[in-house]
Amino acid sequence: MTGVLVLLERHAGAIAAASCEAVGVARSIANGGPVVGLLVGPGGAAGATGLGVDRVLLAESPNLDHPSGAQLAVLLAAAADAASSTTIVVPGTARGRDLVGRVAVRWNASAATNVTEVATSGSGALRVTRPVFGGRATEELELPGPRQVLALKPHAFSPPATSPAPTPVEPLALPEGLAKAPALDVRGFQPTVGGKGPELGDASIVVSGGRGVGTPEKFQVVEDLAEAFGAAVGASRAVTDAGWRPASYQVGQTGKAVSPQLYIAVGISGAIQHIVGMVSSRVIVAINSDPQAPIFRVADYGIAGDLFAIVPALTQAVRAARSH
Amino acid sequence: MEIAVLVKPVPDAETRLRPDAKGLALDPEGVKWVLAGYDESAVEQALLLKEAAPGTTVRAISYGPVARAEEVLRSALALGCDAATSLEAPPEAPTDAVSVARALALALTKHPASLVLCGKQAGDDEGGIVGPAVAELLGLPDLGVATNVRWDGGPGGLTMERSVEGGLEQGRTALPALVALQQAWNDPRTAKLPNILKSRKAPIERIPAAEVAAAMAPSAATAPRRLGFRLPPPRTGAKMIEYKTPEEAAEKLVRILREEAKVFP
Amino acid sequence: MVDFSLTEEQTSLRDMARKFAKGEMAPHAAECDRAGRFPEEIYRKAWELGLMNLNVPTEFGGSGLGLFEQCLIVEELSRACAGMTTSIIANCLALEPILLGGTDEQKHRLLDPFCASYHLASFCLTEPSGGSDAGSLKTRARRDGDHYVLDGEKCFITNGPFASLYTVFATLDPSLRHKGIVAFAVPRETHGVVPGKEEEKMGHRASATSTVRFEGARVPVANRLGAETEGFSIAMRTLDQTRTPIGALATGIAQAALDHAADYSKRRQTFGKPISEHQAIQIKLADMAQALHAARLLTWQAAWTIDHGQPGSLESAMAKCFASDAAMRVADEAIQVFGGYGYMKDYPVEKLLRDAKLAQIYEGSNEIQRIVIARELLARYA
């Protein structure tokens, strides 16, 4: 029987969706073994109940407000040993991914990030699949046992159903190594600007606009559609380079890579630069005036036509459909 | 200040991907190996810090088959790095991230640096494991996904921003430290033609394969085994929605998203 | 021994030029073409990266490349925009007379400060009354003490409005024909140097072309390049050097045309399949590829010949003439592959045809090249 440890990340007091996805994966590979969550820092055990973990280990200490990667790696290794886990699953967040290399070294584990599929195979090994080359290929790896550490690709897995049963919470004895691990000196935090909607990397729907939108003012049609969907707003490099929208909007090789459930490309021709940043989205819709635009080669559904007629109509239709 | 930049040879972005004969990895035939995009940002960061702090030297370090590693090291030299170290890959050497991190750590123990820079991941395997693993091996603090790195010139260390879920974190770290950079935020420079010519003749230190193999040995047992490398089935092109009015197009799309694709919120 | 493989150094130069072309030039090519805009910011960047004074030896502040390496670079730049490339390589043409005819003192005095920051130079040979007949120049040079006084008009001068240095060919006495021609380096600030307004051109619209008039311009004797009798020879030897890169420029246009056509043919569907699966299109693409390949090989061989110290007049004339004719043909066929879209300015191929046309005309029209080729050829059958 193998146990699995999951790092539970909290953003603004709530357990992040990426951690819930990690719990689901942990359950699927635990083969009936215990799935244990690790919560770090202030906030007690808030949010731990209902996640579907068997119990929660809580690492509390005044200097863990903003734990460093080194500190988290020490805690993860100690918690995994305390819970007799053989696998650690971390959420596919920026902080989560950064832990994998450290834990692999400290805990002498086999490691993979950006995992989209995982299954147990014989003798304690795991088989994982992960996209490489910006989603243009996938590789399948066998991670030998007895210890593995995984980071998941965001949105690649569904979170498990929540369970109302209370989750036991136990304090984690802070390991000795913690004091020696370099701490992080965080001086400030600015929530992402401009986003009324969800954050680009986190959103399950992304609506992006490109050069075809024409002017910075007309970009509003893209934002209106995003709002109707409750989606994040993205942009092609042409838009951010021209200064129509800030660089933080850019989806693509030199911007953010996204893989939402639904990606809608408006007035984006589909340069390879952009494609590699969104091609692993589950469903892609393209709206473009040029029926020959390369974006239609990667899209699942396409509408060729004047975006200034189609997008407002679509915004209306989405609003109407969602209000029913 | 001594800065080390870890640079990885990756296939050029225009490489046509195809699996090798065994279907286990990318077929290296005809592949052009270039400096990884994220690592270009790391080199740029090193050069910006060097320009701000005279007396700073920048050493580029790369692991891989000699020809590939040295090609990207020459690119780094042409951009303005002062020295280069090539870690010669042993025959049949593991390419897993932790083993590579051990090789890079070997070079860093020979050339200690107060700041180690690298890309947050490379554009081929997109692992993001090597940087933090190097930090753990050397006992350094590390910061990932960093942008806007600034050095105050004193022992107080570096300030930087990093983009994490929900916002931008402003952090500070004492040196020595490892910083893994977000790609392209600092608009990496292009090498000047005379510097390209000079870099072709610059010396590159080579750490021999036997020594590299010994450094990598401890993680042999944990190295992932490759089972497959596949290309996704080609997308056959969009199903185009036929319509007479924009309203009809919108309604059809909403219905498809709801009933066929099942992604309507 | 024949060897068509590039050295690592050559590959890295080509890659660097390709990166610059794709990253800096291509995104602005259509806009500059449409507006007829001279993108100085791009030319400054080209200078900063060492892409501008390719033929000037490093001791005078240039990049010191051989002709072969120049050709590799020019082809890549031209793939992105032939017009910008013409402006970027105009310095090579304009400075070559100084390299060929100047003394060491003149080279340092004229080139060191010129190359040390962003400057443009213009080659002033052609006149309104005749281009190819260079022996019949009308611009006059008159000796006056330790100066020459220049009077006359030059036309079709690349970078004319923006140059800070002109290399000018003028005659002491038209009746002396070739033997009366003298070459000068004339700084822009010389009193009596008057660039005209920019011409509206069919293609190469990112480049600037104007007349340059000399109205009693006083040029110190110290700025005469070579002896008084050597001007014509300097002009002809200059063109022998710079003709081959025009072959490379044309090859770049042809490559761009083939790239666009092949890519489009795989995307455009007719009769239920991509047009690339129709033999009519395949035959076009195959012919385009052959013309392109032959153009490149002729260019490479001409450059190699000159780099190896041989005269190369025949080879460079063949390269320039064949490659520019090929570029015309390939661009024409690319438009045909695009069909109606190819005729539209929203698509990139019609620009290629307009750009290719100039390569058949400038730096010695293709008719002159053929005469050179025939002359060289017939001399071997004495």
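The values are calculated or read from the model by the stated rules, or taken from the named source; none is laboratory data. Keep in mind that what you see is a predicted model, and the values were worked out from it rather than measured. As a convention, Cβ positions derive from the backbone with ideal geometry for all residues, glycine included, and neighbour counts pool all protein chains shown. These accessible areas exclude ligands, DNA and RNA; they are computed on the full protein's heavy atoms, side chains included. Shrake-Rupley method; radii C 1.70, N 1.55, O 1.52, S 1.80 Å.
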Revision key, fill the gap. Interchain or sequence-distant (5+) residues whose placed amide H lies within less than 5 Å of the amide H of C:Arg143 are C:Val149
Review point. Using the C-alpha gyration tensor of chain A, what are the square roots of 5 times its eigenvalues, in whole angstrom, with the largest one first?
Key: 39, 21, 18
Practice item. Could you pull the accessible area for C:Trp304 with a 1.4 Å probe, rounded to 10 Å²? Key: 120
**Study point:** For segment A:63-117, alpha-carbon Rg over 2.2 N^0.38 Å
**Key:** 1.09
Review point. Which entries in C:Lys19/C:Lys154; C:Lys107/C:Lys351; C:Lys22/C:Lys266; B:Lys198/C:Lys107; C:Lys154/C:Lys351; C:Lys154/C:Lys357 show an alpha-carbon gap greater than 31 Å?
Key: C:Lys19/C:Lys154; C:Lys107/C:Lys351
Point to revise | Average beta-carbon neighbours from other chains, 10 Å sphere, peptide A:165-171 | key: 0
Review point. Which listed residue (C:Ser316, C:Gly23, C:Ile157) has the Cα farthest towards the positive end of the charge dipole for chain C, taking +1 on Lys and Arg C-beta and -1 on Asp and Glu C-beta about the Cα centre?
Key: C:Ile157
Check your understanding: Cα-based Rg of segment C:86-198 per 2.2 N^0.38 Å, rounded to two decimals?
Key -> 1.03
Exercise for review: Take every Cα-Cα distance within segment B:144-261, group them into 10 Å bins from 0 onward, and report for each bin the whole-number percent of pairs it holds.
Suggested key: 9, 14, 16, 29, 16, 11, 5, 0
Exercise for review: Mind checking A:133-146 for the average number of partner chain beta-carbons within 10 Å of each residue's beta-carbon?
Suggested key: 6
Check your understanding: About its Cα centre, how strong a charge dipole does segment A:3-180 have in debye, to the nearest 20, once Lys and Arg get +1 and Asp and Glu get -1 at the Cβ?
Key -> 260
Review point. On average over all directions, what projected area in square nanometres does the protein assembly as shown have, based on the convex hull of its Cα atoms?
Key: 43.9
Check your understanding: Over the Cα atoms of segment A:3-180, what is the Rg over Rh ratio if Rh follows Kirkwood?
Key -> 0.94
Review point. Rolling a 1.4 angstrom probe over the protein heavy atoms, how many square angstrom per residue are accessible across segment A:3-142?
Key: 28
Check your understanding: In the calculated pair distance distribution of segment A:255-324, what percentage of Cα-Cα distances lie above 17 Å?
Key -> 44
Exercise for review: Over the protein assembly as shown, with every protein chain in place, what whole percent of the accessible area is carbon and sulfur at 1.4 Å, could you tell me?
Suggested key: 54
Practice item. Towards the positive end of the charge dipole of chain B, with charges on Cβ (+1 Lys, Arg; -1 Asp, Glu), say which of B:Met160, B:Val66, B:Tyr38 has the farthest Cα. Key: B:Val66
Exercise for review: Go through C:Gly102, C:Gln369, C:His260 and say which Cα lies farthest out towards the positive end of the charge dipole of chain C; charges sit on Cβ, +1 for Lys and Arg, -1 for Asp and Glu.
Suggested key: C:His260
Exercise for review: Could you run the Karplus curve 6.51 cos²θ - 1.76 cosθ + 1.60 with θ = phi - 60° over segment C:87-96 and give me ³J(HN,Hα) per residue in whole Hz, x for Gly and Pro?
Suggested key: 5, 5, 8, 4, 4, 4, 5, 6, 8, 4
Exercise for review: Considering only protein heavy atoms, with the full assembly of protein chains and a 1.4 angstrom probe, order C:Cys321, A:Cys20 by accessible area, largest first.
Suggested key: A:Cys20, C:Cys321
Practice item. For segment A:39-44, take each phi angle, set θ = phi - 60°, evaluate the Karplus expression 6.51 cos²θ - 1.76 cosθ + 1.60, and give the result in whole Hz per residue in order, putting x for glycine and proline. Key: 10, 10, x, x, x, x
**Study point:** Average beta-carbon neighbours from other chains, 10 Å sphere, peptide B:38-48
**Key:** 0
Review point. Magnitude of the Cβ-charge dipole of chain B, K/R +1 and D/E -1, about the Cα centre, nearest 20 debye?
Key: 400
Check your understanding: Build a GNM of chain A with springs between Cα atoms under 10 Å: which of A:Pro146, A:Pro62, A:Pro42 gets the top mean-square fluctuation?
Key -> A:Pro62
Check your understanding: Residues of segment B:18-36 with accessible area at least 20 Å² lower in the all-protein-chain context than alone (1.4 Å probe)?
Key -> B:Lys32
Check your understanding: Between rounded, prolate and oblate, where does segment A:200-323 land on the alpha carbon gyration tensor, with a ≥ b ≥ c its root eigenvalues, rounded for a/c under 1.5, else prolate if a/b exceeds b/c?
Key -> rounded
Study note, to complete from the structure: Quick P(r) readout (chain C; Cα-Cα; 20 Å bins; whole %) gives 29, 57, 13, 1
Practice item. Compute for chains B and C the buried accessible surface, both sides summed, probe 1.4 Å, and express it in Å² to the nearest 100. Key: 1300
Point to revise | Per residue solvent-accessible surface (Å²) - chain C, probe of 1.4 Å | key: 42
Point to revise | Inter-label distance for A:Gln292 and C:Ser175, nm, one decimal - labels placed 7 Å from Cα along Cα-to-Cβ | key: 6.3
Point to revise | Mean accessible surface per residue for segment A:248-303, computed with a 1.4 Å probe while every protein chain stays in place, in Å² | key: 27
Review point. What is the set of long-range amide H partners of A:Ala137 at a cut-off below 5 Å, with H atoms built 1.01 Å from backbone N?
Key: A:Val132
Exercise for review: Just the number, please: buried accessible area between A and B, total of both chains, 1.4 angstrom probe, nearest 100 square angstrom.
Suggested key: 6700
Review point. Got a number for the accessible area of C:Lys138? Probe 1.4 Å, square angstrom, nearest 10.
Key: 130
**Study point:** Cα-based Rg / Dmax (Å) for segment B:2-222
**Key:** 16.7, 54
Point to revise | Mean shadow area of segment A:21-100, taken as a quarter of the surface of its Cα convex hull (nm²) | key: 5.1
Point to revise | Cα coordinate range in segment C:206-313, projected on the principal axes (Å, largest first) | key: 72, 36, 15
Point to revise | Debye, to nearest 20: dipole size of the protein assembly as shown, +1 on Lys, Arg Cβ, -1 on Asp, Glu Cβ | key: 900
